[in-house]
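Have a look at the structure below, then the notes.
The values are calculated or read from the model by the stated rules, or taken from the named source; none is laboratory data. Computed from a predicted structure; not experimentally measured. Please note: Cβ atoms are built from the backbone with ideal geometry, for glycine as well, and neighbour counts cover all protein chains shown.
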């Protein structure tokens, strides 16, 4: 197909997210070559004008910009190790979820083969791609980021976080940690009220505005953490928070609901209290997550309980 945008792109991996990325580029007029280990997944995109490569070697040779949206770190190597020598001089944007160190390893590996590497973390669901609500974090080669902004910005708000290739992954997984913990708390709450006959739908209607309002507390806790003073007046103390947690644990048990999720948080609080920090603000729990923390006794056991 012709490419009025002047920027052809290869997209490797056609799961829900990879397909959304490719579709958005096609709709914007880019020439797109796609490849998937299961070729049948390319059928719909081919009908929309994408070139479906039957071999990975042909896919990576098609355009100077290659997007990988695969399953995991190992799948990137499994897919590209056989053809990496032929990618010299090209740019690889990896949107596969990895750990920070896995992203750094991929950057070193790519550089060793003359490939410019940019790591990306997608902060969106597939239906959000191409909308103002989507965000993608990038780290690694600034040159690749700057040169390909017309492509990257088709998908989402693009944020460059620095040349350390592991940073996008780190920030992504840190935010997902907050998200999954919050969702697990919601599900635990739904189980509590479900024991009394309330539907999860009704509970969501009540919980959503409350939890949304509570997120304003992130900025307050962040200011305390960055200031390093957990005795600043106006904070909820660890001792008070522990009392609230104990109520949740007991109520869960009374309703026949497993309190394990809350019990882990309570254990973290109790270790801080045992270290003499009970009168300090609850934001002090931040210190419990550092492996070298000396204020929280038996920190290793606490972290094992979280895993």
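Considering only residues of segment 80-104 that are outside any helix (DSSP H, G or I) and touching a residue at least 60 places away in the same chain (Cβ under 8 Å), which is surrounded by the fewest Cβ atoms within 10 Å (Cβ to Cβ)? Please lay out each step first, then the result.
Within segment 80-104, the first condition is being outside any helix (DSSP H, G or I), and the residues that meet it are 81-83, 88-99.
Imposing the further condition that a residue be touching a residue at least 60 places away in the same chain (Cβ under 8 Å) reduces the set to 95-99.
On the way: 95: 24, 96: 27, 97: 20, 98: 25, 99: 14.
It comes out as 99.
For segment 23-36, enumerate the residues that are over 23 Å from residue 84 (Cα atoms), out of contact with any strand residue (DSSP E or B) (no Cβ under 7 Å at 6 or more places or on another chain) and outside any helix (DSSP H, G or I). Give the steps one after another, and end with the answer.
The first filter runs over segment 23-36 and keeps only residues over 23 Å from residue 84 (Cα atoms), leaving 23-30.
Right, trim to out of contact with any strand residue (DSSP E or B) (no Cβ under 7 Å at 6 or more places or on another chain) and you get 23-24, 27-29.
Within segment 23-36, 28, 29 qualify.
Would you check which residues across segment 25-35 are buried (at least 21 other Cβ atoms within 10 Å of the Cβ) and either closer than 18 Å to residue 70 by Cβ or touching a helix residue (DSSP H, G or I) at 6+ places or on another chain (Cβ under 6 Å) (or both) and list them? Give the derivation first.
Let us first name the residues in segment 25-35 that are buried (at least 21 other Cβ atoms within 10 Å of the Cβ), namely 25, 30-35.
Listed by number, the residues that qualify are 25, 32, 33, 34, 35.
Determine, yes or no, whether residue 185 is surrounded by 14 or more Cβ atoms within 10 Å (Cβ to Cβ), closer than 25 Å to residue 10 by Cβ and under 21 Å from the mean Cα position of the chain (by Cα). Spell out the reasoning first.
Numbers: surrounded by 14 or more Cβ atoms within 10 Å (Cβ to Cβ): yes; closer than 25 Å to residue 10 by Cβ: no; under 21 Å from the mean Cα position of the chain (by Cα): yes.
It is false that residue 185 is surrounded by 14 or more Cβ atoms within 10 Å (Cβ to Cβ), closer than 25 Å to residue 10 by Cβ and under 21 Å from the mean Cα position of the chain (by Cα).
Any residue in segment 77-91 that is closer than 23 Å to residue 162 by Cβ and touching a strand residue (DSSP E or B) at 6+ places or on another chain (Cβ under 7 Å)? Checked segment 77-91: at least one residue is closer than 23 Å to residue 162 by Cβ and touching a strand residue (DSSP E or B) at 6+ places or on another chain (Cβ under 7 Å). For segment 192-250, which positions are surrounded by 16 or more Cβ atoms within 10 Å (Cβ to Cβ), under 24 Å from residue 268 (Cα atoms) and more than 26 Å from the chain's Cα centre (by Cα)? 192, 230, 235, 237, 238, 241, 242, 245, 246, 248, 249 - these are the residues of segment 192-250 that are surrounded by 16 or more Cβ atoms within 10 Å (Cβ to Cβ), under 24 Å from residue 268 (Cα atoms) and more than 26 Å from the chain's Cα centre (by Cα).
Listed by first and then second residue, the pairs linking a residue in segment 107-119 that is under 16 Å from residue 72 (Cα atoms) to a residue that is modelled with pLDDT under 95, with Cβ atoms under 6 Å apart and 6 or more places separating them unless they lie on different chains, form an empty list. Filter segment 260-272 down to the residues that are free of Cβ contacts under 8 Å to residues at least 24 places away in the same chain and in contact with a helix residue (DSSP H, G or I) (Cβ under 8 Å, 6 or more places away or on another chain) and list them by number. If the condition is that a residue be free of Cβ contacts under 8 Å to residues at least 24 places away in the same chain and in contact with a helix residue (DSSP H, G or I) (Cβ under 8 Å, 6 or more places away or on another chain), then 263, 265 are the ones that fit.
Give the residues of segment 37-79 that are within 18 Å of residue 8 (Cα to Cα), touching a residue at least 24 places away in the same chain (Cβ under 8 Å) and assigned to a loop (DSSP other than H, G, I, E, B), sorted by residue number. Within segment 37-79, 48, 49, 50, 53, 63, 64, 69 meet the criteria.
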